[in-house]
Amino acid sequence: MAHVVVVGSSNTDLVVKTGRFPKPGETLVGGDFFLFQGGKGANQAVAASRMGAQVSFISKVGKDLFGKQTQESLEKEGISTRLVLEDAEKASGIALITVNEHGENTIVVAPGANASLSPYDIQAALPSIPSHDFILCQLEIPIETIIFLANYAQAEMKNLILNPAPAQALPESIYQQLFLITPNETEASLLTGIPCDSEADYPKIAQWFRDKGVQQVLLTLGEKGTYFQNSIQEYRIPAQKVIAVDSTAAGDVFNGSLAVALAEGMPWKEAITLATHAASISVTRMGAQASAPYRTELI
């Protein structure tokens, strides 16, 4: 069984469906309200678990009702909560999500306890994790924690996958420590300063990251699929045509599924195709973790 380590955020998602997004200062009467388990780290951990991997998840929640619900939900997914730490001072993270009639979303996150997941927490947790080769992380936890992970991965020869979401400035040194970076169009443009508007832009962006030292670059392009580049391969994989209901965790499902496929030793094209299939199923369902498909659904 593949083993993937996921380090990242845990949130509770408060979701409202609406016909359109409100303008500044405008109040809209929305539709249905949902409460889901979320957070990019937890979403990716659940996606990886449903793909059949053994998942070690390191995160931090508040000592409150939302934190308790998060741990109970993870345990139901077969993910050990031994390394889901509690912060007695801060509340659990929440995300306020609005989903329009096209399945598009806007998200505002209050990080809460996620903001206190420290390098010390990671350092204390890592020795107790079984043998692993792949670590997956995002940017909803402190940047100093990401830097610690990158240094650890380099020193221990682990493959670090960074999903740079939400996008923020990264120290130059971190790029050469990454096995793979997986930005979407917005994140890629913000990090590189290069527009990500057309097919001609994708190779330029990928080369920018590779010039910084990243081994592999995978741009996730929503309904346009993906673009992949490393030193010997370059190709596009189209997205599957589906009717989107909620795109909230599509990127998380993609990244969690991809990490499992790579940990299983799949070739790049096969691994990306599997992850694309999983993400395409997720957008046809409401919710974050609730939308992640099981491996049997990909057959």
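The values are calculated or read from the model by the stated rules, or taken from the named source; none is laboratory data. These numbers come from a predicted model, not from an experiment. Here the Cβ is made from the backbone with ideal geometry for all residues, glycine too, and neighbour counts use every protein chain on show.
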By residue number, the members of the range 233-265 that are closer than 19 Å to residue 45 by Cα, outside any helix (DSSP H, G or I) and at pLDDT 95 or above are 264, 265
Of all helices (runs of 4 or more DSSP H) fully inside the range 95-194, the set with 3 or more residues that are free of Cβ contacts under 8 Å to residues at least 24 places away in the same chain and either aliphatic (A, V, I, L, M) or out of contact with any Asp or Glu (no Cβ under 9 Å at 6 or more places or on another chain) (or both) is 143-156, 185-192
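One line per residue, one yes/no per condition, for (1) in contact with a Pro (Cβ under 8 Å, 6 or more places away or on another chain); (2) over 24 Å from residue 13 (Cα atoms); (3) surrounded by 20 or more Cβ atoms within 10 Å (Cβ to Cβ):
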| site | (1), (2), (3) |
| --- | --- |
| 248 | no, no, yes |
| 251 | no, no, yes |
| 268 | no, yes, no |
| 275 | no, no, yes |
| 285 | no, no, no |
| 293 | no, no, yes |
| 299 | no, yes, no |
Checking 126, 136, 83 in turn, the sole residue that is among the aliphatic types (A, V, I, L, M) and closer than 30 Å to residue 221 by Cα turns out to be 136
Flagged pairs (Cβ under 6 angstrom, 6 or more apart or on separate chains; first in the range 200-214, without any contact (Cβ under 8 Å) to a residue 24 or more places away in the chain and buried (at least 17 other Cβ atoms within 10 Å of the Cβ); second of a type outside the set (Lys, Arg) and assigned to a helix (DSSP H, G or I)) are 205/188; 205/192; 208/192
The condition from (1) surrounded by 21 or more Cβ atoms within 10 Å (Cβ to Cβ); (2) under 24 Å from residue 293 (Cβ atoms) that residue 117 misses is numbered (2)
### Yes/no for residue 14 being free of Cβ contacts under 8 Å to residues at least 24 places away in the same chain, among the aliphatic types (A, V, I, L, M) and either in contact with a strand residue (DSSP E or B) (Cβ under 7 Å, 6 or more places away or on another chain) or not in a helix (DSSP H, G or I) (or both)
no
